[in-house]
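Inspection log for the structure reproduced underneath, given as structure tokens.
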Amino acid sequence: MKTISFSYRLGLSTVYQIIIEVCYAIIEIVILEVMPVPTEQKWKEIASEFWTCWNFPNCLGAIDGKHVTIQAPPNSGSQYFCYKKTFSIVLLALVDAHYNFIAVDVGSFGKNSDGGIMAHSKLGKALDQNKLNVPPKEALPGTANDVPYVIVGDEAFPLKTYLLRLYPAKQLDCNEKRVYNYRLCRARRVVENAFGLLSQKFRIYNRRMQAKPENADVIILTTCVLHNFIKKYDGKLTYVRDNKQTSEDHSTPINLTNISVQGGNATREAFGIRETYKHFFNSPCGSIPWQNNV
């Protein structure tokens, strides 16, 4: 921002205000175009792409959190101080097989864990209440085992009927569990790749963000929207506001009600779903040619 201020002979506060106003405009106009609430058909397309590209069936996306370093906010105590010994806010993102952001949650304190952030986010509550148009159970390819559609995450997230995580290292007592962990990691790394692309595309992530937390949230959300926009349109503007040229199927944001905080222990059904995926990945129907070398 200081560079822009000196280059255009504008005051720093003026540049700061312009950037925030532009970010709000981008979010208002573009977000429903490139990051709508998925329909049931869209979820099935995402799951099909995960099976085709990453050999993980019935997968709706990969989820993870990214700590964005910010300047220490005034009078914030240790709320934004994270385990990396920096002040940060968390970008929680659900990503599809082609590194597009399906849903994001921005603004949580850096001290919070990814699992806790998801439990209190609109995304986590919507998944708990089954309000995201998720398709019903479907059989794994080549089998008669009906399992629900799931998202994949790392050890920071709890095991749920709709969220799969790795087997803990202490439980890796057989090769079948190692194969399952490998296949899940292979699908989950798309979210890490998406964060890498985001950081390389917008260099503001490579340094400490000099902004108030509420303004940093807007900037981060704007970069996620622009990331999807660039990947979808390759930088060509097709959205004209004056003529209102938008796609016919625009989903509107959903209103979610608060639910009570639930315990972090996994249910027997969640354990059973993970076991089903483990057996599938070790069966002829779910194996891939070079998997035996893993």
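Odds and ends about this structure:
- Acute angle (nearest 10 degrees) that the helix 40-54 long axis makes with the longest principal axis of the chain, alpha-carbon atoms: 70
- Remark: the Cα gyration tensor places the range 115-206 in the oblate category, a/c being 1.5 or greater and a/b not exceeding b/c.
- Overall form of the chain per C-alpha gyration tensor (a/c, 1.5; a/b vs b/c): prolate
- Phi-derived couplings, Karplus 6.51 cos²θ - 1.76 cosθ + 1.60 at θ = phi - 60°, listed residue by residue for the range 212-223: 5, x, 5, 7, 5, 4, 5, 5, 5, 4, 5, 5 Hz, with x used for Gly and Pro.
- Relative contact order for the chain, counting Cα pairs under 8 Å that sit 6 or more residues apart, in percent: 24
- Percent accessible area from carbon and sulfur atoms, the chain, protein chains only, probe 1.4 Å: 51
- Against the chain, whose longest principal axis is taken from its Cα atoms, helix 12-34 shows a tilt of about 40°.
- Binned Cα-Cα distances of the range 59-146, short to long, each 5 Å bin given as a whole percent: 3, 13, 19, 18, 16, 12, 8, 5, 3, 2, 1, 0
- Exposed chymotrypsin sites (Phe, Trp or Tyr not before Pro) absent - longest run of the chain, DSSP non-H/G/I/E/B, at most 14 other C-beta within 10 Å: 84-289
- Percentage of interatomic Cα-Cα distances in the range 29-106 larger than 14 Å: 68
- Remark: for residue pairs Lys84/Lys278; Lys131/Lys201; Lys44/Lys66, the C-alpha separation exceeds 30 Å in Lys84/Lys278; Lys131/Lys201.
- For the pair Ile18 and His279, a Förster radius of 41 Å applied to the C-beta separation gives a FRET efficiency near 0.10, rounded to the nearest 0.05.
- Lys232/Gln79 FRET efficiency (R0 41 Å; Cβ-Cβ; nearest 0.05): 0.70
- Å² of accessible area per residue within the chain, as computed with a 1.4 Å probe and no ligands counted: 54
- Magnitude of the charge dipole for the range 18-141, about its Cα centre and with charges confined to Cβ atoms of Lys, Arg (+1) and Asp, Glu (-1), is about 460 debye.
- Between the Cα long axis of helix 175-201 and the first principal axis of the chain there is an angle of about 10°, rounded to the nearest 10.
The values are calculated or read from the model by the stated rules, or taken from the named source; none is laboratory data. If you're wondering where the values come from, they're calculated on a predicted model, not measured in any experiment. Because the Cβ atoms are built from the backbone with ideal geometry, glycine has one as well, and the counts that use them run over all protein chains shown. The accessibility values were calculated without ligands, DNA or RNA, using every heavy atom of the protein model including side chains. Shrake-Rupley method; radii C 1.70, N 1.55, O 1.52, S 1.80 Å.
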